[in-house]
Each structure stands twice: as C-alpha cells, then as structure tokens.
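The values are calculated or read from the model by the stated rules, or taken from the named source; none is laboratory data. Every value quoted in this text rests on a predicted model; they were computed, and no experiment measured them. Backbone-built Cβ (ideal geometry, glycine too); neighbour counts: all protein chains shown.
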Amino acid sequence: MSRIHVTTSVNGDEVDFLCEPDETLLDALRNRLGLTGSKEGCGTGDCGACSVTLDGRLVCSCLVLAAEAEGREIATIEGMAEGEALHPLQKKFIEHAALQCGVCTPGILVATKALLEKNPDPSETEVRYWLAGNLCRCTGYDKIIRAVMDAAAELRRA
Amino acid sequence: MALDKQTTAKREFKVVGTRPLRPDGVDKVTGKALYGADLTAPGMLVGKILRSPHPHARIRSIDTSAAEAAPGVKAVITHADFTLPDDEDMRDILVNCMAFNKALYDGHAVAAVAAISEAAAKAALKLIKVDYEVLPHVTDVDEAMKPDAPVIERGRQAETVGEGFSENVTSYCEFGHGDIEAGFTRADHVIERSFKTEATHQGYIEPHACLATFTTDGKADLWCCTQGQYMVRRVCSAIMDMEASQLRVTPSEIGGGFGGKTTVFIEPVALMLAKKSGRPVKIVMSRSDVLRASGPTCSSSMDVRIGMTKDGRITAGHAKLRYQGGAFPCGTVEMGAMAAFAAYDLEAVRTQGWNAMTNRPKQAAYRAPGAPMAIYAVESVVDELCQHLGLDPLDVRLKNAAKAGTKASYGVTFTDIGLSACLAAAKAHPHYAAPLGPGQGRGVSCGFWFNFGGDTCVTLNVNMDGTVSVTEGNPDIGGSRASIGMMAAEELGVPFDKVRTQVVDTASLGYNEVTDGSRVTFAVGLATIKAAQAAKAEMCRRAAMIWGIDAEAVTWEDGCAKPSGPNAGDFPPMTLAEIAAVSSQTGGPIAGHHEVNADGAGVSFGVHLVDVEVDPETGATKVLRYTVFQDAGKAVHPDYVEGQMQGGAVQGIGWALNEEYIYGEDGRLQNAGFLDYRVPVASDLPMIDTVILEIPNPGHPYGVRGVGETSIVPPLAAIANAVSRAAGVRLTELPMSPPRILAALDAARPKAAAE
Amino acid sequence: MVKVAIWGSLRGFTEGRAEIEVEAATTKEMLDKLVEAYPGLRPQVERGVSVAIDGFVYKDAWFTPIRPDSEVVLMPLMVGG
Amino acid sequence: MRFEVAASVAEAVRMLAAEPGTTRVLAGGTDVLVQLRSGLVEPDLVVDIKRIDGMREIRAEDGGFRIGAAVSGAELGEDAGVRALWPGVVEGMELIGSTQVQGRATLAGNLCNASPAADSVPAMVAADAVARVAGPAGERDVPVAQIPAGPGKTTLAKGEFIVSIFLPARPAGSADAYLRFIPRTEMDIAVCSAGVSLTIGGDGTCTAARVALGAVAPTVLLVPDAAAALIGSKLDDAALDALAAACSAAAKPIDDKRGTVAFRKKVAGVLARRAAVIAAERARG
C-alpha cells in the first residue's frame, strides 16, 4: 500500500501528512498530528467520541478516511478555546459538573457547538436528539443537558 | 482505629458541601487530558491480540512461524511465553489474558503480536495457525449447573457445594436467620416467582489501553487506564515473575470503569511483547474486544418467595440465586445473597446462592456487583404483594424497613442508616403524588450496598508559598480530585484553590486498593484528613518553637496556629502560609502522611421512584420521570454526588430495558458493539432528579458514606415494577425489551378478555 | 469469650452451629481459634473472609480488637465496583 | 487497498470496471468504513465519488427531484422542496444513525448497502423512486426496489454505481410517511418498519397507495394487499385494520438479536397503520 499525501486545514492551520489509504481521519488526527483530544470509543460511528466538523458539518472522524480530508476544513476539540479563553460551552460544562470521567466530553462539546451554530435556541428534546449519537456512560446526561441549555442561553445573550 | 470510631456530632463545614470547579476540568474540556490510548513512545510498536472464534475448544497447537517471519513483526507470543503463577487468583487472571490449554469463551486471547504498524500487526495475526478441537459449550446459567453440562474446568468446586450439580458450580453460600416456614404460615399471602437477568457490561466509553516498556535489566514501565495502578503492579509483577519495585505503573486519566477496570486484560500481554521485542508496545482494545473479552456482569436465574400479612408486614423471605460469572470461579453470588433482603427488618429470612462457570468471559465487578439482580427479584415480589393486598408500596417498605438495631439477613446489626429517611422523603416528594396518565405506571424500589474502605496511603505536603499538595493513589474516575482536595482544605482551614491533588504512579506512594467499593471519598478522604491532622500538629509544633512555648499549648483554628488560651502566651495567630514560609528555618519541609487499612465504611441505602409509559401495541417503554433518593452520609461535593446518583440510575435503566449479552446457538456473542449492545442515549431519558439525604456515617470524621454504587441497584426493580403496573402484567425477565413486553402483553390479553 | 456468627453454608463444618464461642481478643486470634476448633472451615478462611465487628466490616485486619460483648459476624470476602 | 478520487462519472466507471479485485464506492462511507475496519470487506479499490460534479446536488426535474448520490441526510433534510413533496422519504433518511452519521450518510449508500432494515428504502419503494445507474454500458434507470438482491447484495453489475435517485412528481392530495420500530429512541437498526405513500381524492377517498415494509424479509417488501386495503376506502378503522392485517400476513421475518418473528409480524402492521394515518393527515394538508 503506498501512502497518500494529504494537505488539509485543521482548526484553521494548514497541515499535511502521509497516511495509509485505509486510515481513518481519527487515526490521522491522533497519530499523525498528535491531536489526541478526539477519542475512539467504538470505531463504528455509534458513540460520537471522535466527533469533529468537516467543512462545518458534524461527522464521526472514525467514519471518514484521512485521504478524504484533502483540501477540506476540519475543526476539533483542540480548536474550541481561543488561547486561554475557554468557549462558553467549555466553561458551562465545568460549572455544571457535566463531566465525570471526561472521555466523551470532547465529542459532546464539538457536537453541541455545531448544534448551537445551527439552532441557537434548542429545546431540551432537540438537544437530546441531536446528542443521541454521543454516548456518555457516567452522567446519565442530566448535567450535560443543563450545561448545554445554560450555554445556549448565555450565547444568545452575548 | 477499631474502637476509636468518629463522633457523629454535627459540625459546621466551610468547604465540604460547597460546589467548587473541579481541578481537572479545563484539561478535560479542551482535549488535553491524556487517557490510556493517548500516550506514545519513541520506537513504539502496535500490539494486537488473536482471539478464539470458538466458545470452548482445546488448543492442540499454535504455529506462529509465519507470523514471526512476516515483515515488520518484532514479537509473537502465546501462553508458552508465560509461566503459571502459584497463586490461584493470579493464575486465573493470566489464563484469562492468554488461553493456555483451552479457549474458554468466544473472544478468549490465544496469541499476540507486536509489529511496526497497525497493518503489519493485523496481517501477522492472520498468519498464526491455531489448531482447535472444538468442544461442547454452555453459556446459560441453569444449563451450566445441570450434572450433564459440558465442564469448563474440573477441580474448581468448593467443599460447600452439595451433590447433584455439575462441576461448573464452584461455590454455594447460605445466609439468614429465623424459621421461614413458620413465617410463611403466618402470612396472609405468599408469592413465589422465578426471575432471570442477562449479563450487562459496564460500557465505559474508553476501551482498555496500555503502553508497556521493558528494559534489558528487567525494569518496566506501564501506562494504562485502570481503576488501580497498585493492583496492576501486583498482578503484572506476579505474572511477569518480577519484583514489584521493578515495575512502575502510571495511571492515565480513566474514561470510565464502574468496576470493569479493577483487573487486567491486556497489560500482561503488552509487557510480555515489550520484553520480547525490546521496544515499547501499545495495545488498545477495540469495542468488540471490550465486549467479548473484558469483564461483564454475571447473568442470573433466581427464585424468590415472600410472605406478607394483610396489613403489609413481611413474615418471611427466601431467595435462591444462581449466577454465572464466565469461565472462572467467582464470588459474586455471595454479595447478592447478603444484599437481597438488606432493606428489610425480618424475623425469618434465608438466602442461598450458587456460582457457576460457563463459556463466557470472566465476570468483573460492575457497580455493587451481585446486588442489583438479587434486589430486583426481591423488590419485584414485594411490589406484587403490595398490588395483591392493595397496599401502598412505600408504606409497606417503611413498615418493614431496616433501621439502626436491625439484624440484617447476613448477620450484622446495622448502626445508623438512612433507609427510612429515604423512604419518607420519597413519600413526601411531589413526584409520588403526581397523577399518572393512561398506559402509565409508577415503580419504587429500595437499593443497598455495603461500601468498602481498604488499604490507603496519602501524603500531604505543605509548600513554602502556603499552598498544599495532596498526593493520592486512586485514579479520579468522577471528580475525586475535587472531593479529596476539599477535605484537605476543610481540615487545614485554607481555601480549596490553595490545594492541588495529584494522582500518582506506583513508585510514589504505598499500596492503595483499587478505586472500587465506593471507597475513594470515604477512605482516601479519611486518610487525607488524618494526613492533614498530622501536618497541622507539625505546624503547631513549629509555631510553638517560634513562640518559645510548649507544643501542647498551641491549637489549630481557621487555618492558623494559635496559643490555646491566655495561659499559653499572647501571640498573634500564625497562618499556614506564614508557618510554611519559614519551614526551612524551623526544621525543614512540613508534611503529613497517613497509611491505613480503612474500615468503618458505612452501608448505603437509596430509594428510586420512576414513572413509565408502555405502548401496548409495540411493548416500547418510555421513562417519563425519575427521582433518586440516597443517603450520602455527608455530600462533600454535591454536584458529583448527584452525578453518581444520576449515572447509576441510568445504567440501571439500561440494564432493565435494553442492555444484554446475546449469545447465539454457536456460543458466539451476537452483539459485540454499541450498535446492538444498547446503552441509553440522551433522547431515551428524562432529567434524573436527585434528593441527597445526609445521615452521617459514624465511621468517618465528616460522616461520609460511599455513594458510587448503590444508585445502580434500585432501577432494575423500580423500572420493572413501573412497567408491570403500566402493562398490567408482571415482567420477570431482564432486559424488558419490547419483544418480551409485547409477548407478555399478548399472553395476558386473551386471559383478561376471558375474565 | 466472643461469639462468632457463621453464615449458613459453613454450618456443615461447625456441627450445625450458627454461632461459635472462642477465646480471642483480636480478629487474627479469632480466626485461628475457629480453624483450630473446626478444621472444615480452613478452606474458606484461606480463600478469604471479612469480619464484621459491631456493624463495621474489616478485611484482612489481624489486630482489630474484639470485646467480649462485640457482635462478631464472619462474612465472605467482598469486592466492589 | 488503493484510494482514488474520481473527477467524473466516466472516470469512476473506468476505475471500477478496470479493477479485477473487490471495489467499493465511497459516498458517505458510513457503512463502507465500518465494513472496512471490521475486516468484513477488504476492498482492493475504493473510489470516492463525492468530488464528481452534480453528486452533491438536489435538482428539480419533471415536477420531482433528482438527488445526487453523495447528498447527505443532513443536506436532504435541509431541502424544503423535497421535504414538502416526499416527507416520508426525508424522515426515513433522517432516522439513519446519529447527527454525525447524517453529516455523511446518503440515500444511494443506504440503498446499496442492501440491508433489509435500511431506513430510507421502504419509503423510497413506497415512493416508487428510481435509481440512475452508471456503468460501462452507459446509464440506465432502475426502480429502487430492484437494486437490493438480498442482505448485502445488489443487482448492480461490475463497474456500475448509482449516480442519483429520482423522486417523481405526484398529484395533489398526496403524501407519504415512514415509521420504524427500535428499542431505543435513536441509534438502532430498525426491528421492523413501514413506509406508506398515498393519494386522497377530493371526497376523502384514497385513490392510490403503496405500502412497503422493512426488516421483515431478505429485501424490502412491497405489499400490494396492504395498498388494496386502503384504495377506495376513506381510511376508516376497518380499512386500517385490513391494512395492518395484510402487512402482518405479508411479513416473513426471522428471529434474531433484534427481534422475534411474532414481534415483527405484529408490529409491522401496527407501524403501517400508524404511518398511513400520518400520511393521510399530511395528504389532507
């Protein structure tokens, strides 16, 4: 298998890497670019821990080939805070104790940010259905939903 | 400290009971926190494990020559690379990590490779030739107990097991007191029912992962996600036949465990590959590996018989519990048998339990291991008796509730416990009075867990700038850095943000038991408080030196050393920071330590209340409203106590409704992925309301009880009772998946029409 | 003398007794005396037991003092999640 | 495995036809990547068709809509025109997987994966949708129902792939609906499902209907008896009961980890009935 040279944009930075033809975007992010914030919980698109956006669209990076990223724009959890300033969602997750072990948190934050960009005033039900593909085993989702609703309200005020 | 129990006197807290931001929060919301699979090492190889496709097969031979010769392959191992340890428990763990003479379940590891890439490792696995002689298998607990069942391993039966069982039955236990037959005679109504529950998995989102390095002089380093780095060191050093001091285990951040990371599955394999290849080796389990070959719960088959008088007094209870724990002996049914009737004050009670081996993965702990199934069965029968006799289910539970002075079915007399308080709170809660719509039902259930303490070792260093570093040895699985730091701040009288809590590797502290048994906030908290007390005593001594008075004449108050009274002298108080600043001049660094095998973990009770709606045409269940009542002793950080209550409740909801291990006729696991192993998703659930009760545990200086496990116990019966009331038919098998509910409804329909 | 409560399935090794009296001031002494008096209990004690004294559970703690009036209950070794 | 990006339909066909080994077309990839990673399929060549002109377009055509093979569920759901004309097809597509999967998964991919439980297919079959297939012999139009040949198998020949799905025009008073049964509220594969498309005349009589069931046979099942139960009726209880009975009778499911024969037969009828009621409400506006 000959490797493929991919040039792409990650969190606004142009990057390039060599990957195997059957390598996933998740593996390339983690192993080629050192961006280990995206996690693999299942590798089959069932848990959402690897969520990133690809040209602004929320996807599971485990279900994208790294080679497909050529010329695209990728955003990961590592690009969510601006320097030392956390995104309001990140702050609200800490304030509401919306994480226990924290391993699903990056994916949930990326997914939620995509939701609020599309729908700044979601209902609780809309948040729950949007996040149905992000499994959390620790919290029972309660505090996550509260954090999202509170962050959405704050973002609407801003 | 056996006879030196703590005071239960109410005390005012400054830090404990508040809700500060968790110290590891920023790392975890920015993706910086490093979990098991997130570390790499120069020259690292990829480790992969070959797993048996057969549920039960003799391994005639394994030919690894082609794999060894494949490009990029640096090491291939099988059982032949390991020596069986003498200790039986260690032997079982090793044989579970790498099959010896037989593959014992679908997914059992039989060989492993380390190669320079994922692709090379995968290709090499295909070149390993295993010659299997496939044997008859058994995966169901009742089948496995029959005398003619295929035997997993001979010679494992304890002397307690009677005649007439297969050798798969490894142990038998019995608890209770009183004359149950006399009790049943006194009852106005007796109900006996049989129940089955399927195995579930802890379902942590982070698969097991580790990175091992081994140097030629026999030192090794292991990075892994675990609930206990000291356990990993103890087990792996025994398996690798090395001295514990030569193996340093560093715990990564842990992406959930719930008991499933209290043992090892891949760590010895990675160590052996690293040793053989001379290179660092990383192994990360796939989700399918996790489900097939880590440690799910026991499945169970149970008979419960309970008698009750017309006015709701339970006259006798009898439970027979049969658990299968996979291909090795386990001691889980004992805990179920002890917990089954713990919520009740009974004159006559008997519980019997049998553990059996099957061709399934070796069970591991899962939140209150053994208790949820047993209590599900008991609480279902209690509910049915309430229905039959027209009694309020909370009134009946209040009437029979265990309380201080109750002799539990397992022989112990309870001290202060919070069950009645939980039941009364549930009774008074608006949820219990809320009206129900058509097709809806309300369920209640009690839950119980023992809680443990165990070996704990904490160091607390007072830094010269007046800050405090707490060094502890239990991975932070749900906010314990915060609660431990809060207890240190409370005891020292300093603000929480002056304390930083670190979870360290095995070289940095003495043995700490795994993060299990709801022990961390209790036991590590206790050791932290004692370490802080030692540091305070030292700081008082330093102040006394500075003031030129006796150390006994100095006390610690509000974060300061003060003369204990007018006779001691007239000196302005010295703050912790002031004493720390001159520590070098007054004798050197100031620290406190505490090492203990902690006892005094108070038992924990909870009560859950749930409303559901059942679709009579499809058998689908919707959870409408859920409220958890639980005694926390003292909630150190209420947010994370609520988090434990909510998370446990939702895991229990999954167990009750949709989660199950499904084995085919061929003995293979049919649903080894999150697609068909169905954990609850956000849209399945309502908010999970919580009511924390605080009945102080006399065994802890602040009254803390463990809260991590009890919350998974009541949901099974609470949901079953709600579904059974909504559907008008009693469900006795978990999970109550839609096909099961619909079948029960259809079976009941003609009967109902005929009546 | 302390009275030690034995769980049901061990009574086959204690001549049916649910409670055994032994002369012991610590948990270790108590376990040693039990095994001495009823050798059938040895396999279980070696596999591991917990001891509850006045409602608190002790695991592998040899020198926990026992008062003559203490409630002492033998329990299987337990693990948590 | 080789990975190639096709710039045109012709190039994609050439690549697929020239490869002697196993090939896979990559649109959304939500099934292909799962198969690839589990080792279920080891393709020699994967051809990405997303960069071919028109593949990600939805075009109005003859009063209906032509949907490019790489249009994702999320993009389809955002198209007000398709949603208004074929709400049932859109809701079927939108039920597939999570929000993340919706960002990638496609109608054509869902069809070619050839799962009997595919969520978009019963609605497409009820809609009498037509797949446009490109291949070495040029392009041909094939009714969607004829694409799957059995679980995991299609009728597509070597070098062929679907370039678009056509959802036809329909008369006034028409609508469709799709319902599936899953144990959870999201993220599951359908245990059984039903798509109903119907037209209601001015007097409230059903003048046309197509009813298709998922996950009750090796391929999606069109049930003419069920449609006949509706046509000519005013969708009263008797007609709906007959519809449900016809669906339960037509269903030939299996017992598996997701459901039982009895459950699937019964619930197929329940879902068809409920879907017909929804479709009728929509048709009546």
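What tally of residues in the range B:332-356 results from selecting those that are assigned to a loop (DSSP other than H, G, I, E, B) and either in contact with a strand residue (DSSP E or B) (Cβ under 6 Å, 6 or more places away or on another chain) or within 19 Å of B:VAL603 (Cβ to Cβ) (or both)? Looking only at that region, the number is 7. Restricting B:SER724, B:SER683 to residues that are of a type in the set (S, T, N, Q), at the interface with another protein chain (Cβ under 8 Å from one of its Cβ atoms) and in contact with a Lys or Arg (Cβ under 8 Å, 6 or more places away or on another chain) narrows the list to B:SER683. Criterion first (within 14 Å of another protein chain (Cβ to nearest Cβ), among the charged types (D, E, K, R) and under 26 Å from B:VAL264 (Cβ atoms)) does B:ASP81 satisfy it? In short, no. Residue-level analysis places D:ALA194 among those that are more than 10 Å from every other protein chain (Cβ to nearest Cβ), surrounded by 24 or more Cβ atoms within 10 Å (Cβ to Cβ) and at pLDDT 95 or above. Quick one: is B:SER300 modelled with pLDDT of 95 or more, assigned to a strand (DSSP E or B) and not hydrophobic (A, V, I, L, M, F, W, C)? Yes. Filtering D:LYS234, D:LYS265 for residues that are in a loop (DSSP other than H, G, I, E, B) and at pLDDT 95 or above leaves a single hit, D:LYS234.
Annotation note: of D:GLY77, D:GLY64, the sole residue that is surrounded by fewer than 24 Cβ atoms within 10 Å (Cβ to Cβ), within 14 Å of chain A (Cβ to nearest Cβ) and more than 23 Å from D:LEU213 (Cβ to Cβ) is D:GLY77. Residues of the range B:651-690 being of a type in the set (A, V, I, L, M, F, W, C), in contact (Cβ under 8 Å) with a residue 40 or more places away in the chain and not in a loop (DSSP other than H, G, I, E, B), which ones? Listed by number, the residues that qualify are B:ILE653, B:TRP655, B:ALA656, B:LEU657, B:LEU669, B:ILE688. Sort out which residues of the range B:97-151 are under 18 Å from B:MET357 (Cα atoms) and among the charged types (D, E, K, R), and write them in order of number. Matches in the range B:97-151: B:LYS102, B:ASP106, B:ASP140, B:ASP142, B:GLU143, B:LYS146, B:ASP148. Restricted to strands (runs of 3 or more DSSP E) entirely inside the range A:35-94, those with at least 1 residues that are more than 13 Å from chain B (Cβ to nearest Cβ), within 19 Å of D:GLY73 (Cα to Cα) and in contact (Cβ under 8 Å) with a residue 12 or more places away in the chain are A:51-54, A:57-60. Scan the range B:1-33 for residues that are at pLDDT 95 or above and assigned to a loop (DSSP other than H, G, I, E, B) and the total you get is 16. Taking the condition among the aliphatic types (A, V, I, L, M), more than 20 Å from C:TRP62 (Cβ to Cβ) and either surrounded by 16 or more Cβ atoms within 10 Å (Cβ to Cβ) or without any contact (Cβ under 8 Å) to a residue 12 or more places away in the chain (or both), does C:LEU10 pass? Judged against the criteria, C:LEU10 is a match. Of all residues in the range A:96-152, exactly one satisfies the criterion of being surrounded by fewer than 23 Cβ atoms within 10 Å (Cβ to Cβ), within 9 Å of another protein chain (Cβ to nearest Cβ) and assigned to a loop (DSSP other than H, G, I, E, B), namely A:HIS96. Go through (1) crowded, with 18+ Cβ neighbours inside 10 Å; (2) more than 29 Å from the chain's Cα centre (by Cα) and name the single condition B:ASP81 misses. Here B:ASP81 meets the rest and fails (1). Within the range D:153-201, the set of residues being farther than 18 Å from D:MET93 by Cβ, hydroxyl-bearing (Ser, Thr, Tyr) and touching a residue at least 60 places away in the same chain (Cβ under 8 Å) comprises D:SER174, D:THR199. No other residue among C:SER70, C:SER50 is over 12 Å from the mean Cα position of the chain (by Cα), not in a helix (DSSP H, G or I) and not acidic (Asp, Glu) apart from C:SER70. Quick one: would you say B:ARG397 is in a strand (DSSP E or B), buried (at least 17 other Cβ atoms within 10 Å of the Cβ) and within 30 Å of the chain's Cα centre (by Cα)? For B:ARG397, the condition - in a strand (DSSP E or B), buried (at least 17 other Cβ atoms within 10 Å of the Cβ) and within 30 Å of the chain's Cα centre (by Cα) - is not met.
Filtering the range D:14-28 for residues that are crowded, with 22+ Cβ neighbours inside 10 Å, out of contact with any strand residue (DSSP E or B) (no Cβ under 9 Å at 6 or more places or on another chain), in contact (Cβ under 8 Å) with a residue 60 or more places away in the chain and within 11 Å of chain A (Cβ to nearest Cβ) leaves an empty set. Where strands (runs of 3 or more DSSP E) fall wholly inside the range B:456-557, the ranges with 1 or more residues that are charged (D, E, K, R) and free of Cβ contacts under 8 Å to residues at least 60 places away in the same chain are B:468-472. Take the conditions (1) in contact with a strand residue (DSSP E or B) (Cβ under 9 Å, 6 or more places away or on another chain); (2) surrounded by 24 or more Cβ atoms within 10 Å (Cβ to Cβ); (3) at the interface with chain C (Cβ under 10 Å from one of its Cβ atoms); (4) assigned to a loop (DSSP other than H, G, I, E, B); B:ASN359 misses just one of them, which is (3). Of the strands (runs of 3 or more DSSP E) entirely within the range D:128-182, none holds at least 2 residues that are at pLDDT below 95 and farther than 26 Å from D:ILE52 by Cβ.
Residue by residue, here is whether (1) at pLDDT 95 or above; (2) touching a helix residue (DSSP H, G or I) at 6+ places or on another chain (Cβ under 6 Å) holds:
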{"position": "B:THR555", "(1), (2)": "yes, no"}
{"position": "B:ALA561", "(1), (2)": "yes, yes"}
{"position": "B:SER564", "(1), (2)": "no, yes"}
{"position": "B:GLU578", "(1), (2)": "yes, no"}
{"position": "B:ALA581", "(1), (2)": "yes, no"}
{"position": "B:ALA601", "(1), (2)": "no, yes"}
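I'd like to check something: does the range C:41-59 contain any residue that is within 9 Å of chain B (Cβ to nearest Cβ) and surrounded by fewer than 15 Cβ atoms within 10 Å (Cβ to Cβ)? Checked the range C:41-59: at least one residue is within 9 Å of chain B (Cβ to nearest Cβ) and surrounded by fewer than 15 Cβ atoms within 10 Å (Cβ to Cβ). Scanning the range B:191-240 for residues that are at positive phi and either modelled with pLDDT under 95 or in a helix (DSSP H, G or I) (or both) yields one hit, B:GLY218. Restricted to the range B:15-33, and to residues that are facing chain A (nearest Cβ under 7 Å) and in contact with a strand residue (DSSP E or B) (Cβ under 9 Å, 6 or more places away or on another chain), which residue is nearest to B:PRO638 (Cα to Cα)? Per the criteria, the residue is B:LYS28.
Can we say B:ALA365 is of a type in the set (A, V, I, L, M, F, W, C), touching a residue at least 24 places away in the same chain (Cβ under 8 Å) and either surrounded by 24 or more Cβ atoms within 10 Å (Cβ to Cβ) or facing chain C (nearest Cβ under 9 Å) (or both)? Yes, satisfied. Within the range B:312-324, residues that are assigned to a loop (DSSP other than H, G, I, E, B) reach partners that are among the aliphatic types (A, V, I, L, M) with beta carbons closer than 8 Å, at six or more positions or on different chains, in the pairs B:GLY312/B:LEU389; B:GLY312/B:LEU391; B:GLY312/B:VAL396.
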